[in-house]
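What follows is a single structure, written as structure tokens, with notes after it.
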Amino acid sequence: MGTVTLGVSIAVPEPYGSLLQERRASFGDPAAHGIPTHVTLLPPTEAEAARLPAIEVHLASIATGSRPFPMRLSGTGTFRPLSPVVFVQVVEGASACSWLQKRVRDASGPLMRELQFPYHPHVTVAHGIPEAAMDRAYEELADYEASWTCGSFALYEQGPDLVWRKINEFPFGAGGVGPAVPAQSGSSLDAPSLQP
């Protein structure tokens, strides 16, 4: 069956997702239309295609043990000069994203991997394009705001055409303890509120 390139992410919902994808394209980023607007939980990762069922069971288990949480985007940031990326900042929901991505990459699971850089949740709006275009993205989206309740994450596969397509979505379970909150005894209602 060979290998596949997988990613796990939280989709930025409509109308925000399409708007940011169009803005990314307007800055001259050729990858814009092949990458749905998202917050990464697992960066592009090679896996054996035969492992897909086990991967989906792993992700479903994480989602079932999680609960919806507020997400808010505000303003821009950049990883330059370390990495040629301009992004919209996650200002609420970051700790929940961090909680989820750790579990996705858990050493006992099928998607265990090390990260090249420390995890920092964000929404990429420009990557690897000329500096002037990166500056424009940084400036033009500086006042950008969006918020929603995150209720799921999804597994994506990158095709030979370099387009990312959703394979499966994993809704959060109603009885979960919630992202950013370790499993604890007692009711999930006792879990602290989710703060960045």
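Derivation of every value follows stated rules applied to the coordinates shown; laboratory data play no part. Predicted model only: the values in this text are computed from it and were never measured. A quick note on method: Cβ atoms are made from the backbone with ideal geometry, for glycine too, and the neighbour counts reach across all protein chains shown.
Observations
- Mean projection of the Cα convex hull over all viewing directions, computed for the chain: 11.1 nm².
- Applying 1/(1 + (r/R0)^6) with r as the Cβ-Cβ distance of residue 149 and residue 22 and R0 = 25 angstrom yields a FRET efficiency of 0.60.
- Dipole magnitude (debye, nearest 20) for the chain, charges at Cβ of Lys, Arg, Asp, Glu: 400
- Note on 3, 78: ascending count of other Cβ atoms within 10 Å places them as 3, 78, the fewest first.
- Dividing the summed helix terms, -39500 (n - 2.57) for each DSSP H run of n ≥ 4, by the number of residues in the chain produces a 222 nm estimate of -7000 deg cm²/dmol to the nearest 500.
- Stretching the chain fully between residue 117 and residue 72 yields a gain of 13.9 nm (0.36 nm per residue, less the alpha carbon separation).
- Charge dipole (region 86-166, unit charges on Cβ, about Cα centre) - positive-most of 98, 120, 142: 98
- The chain, relative contact order [Cα under 8 Å, separation at least 6], %: 31
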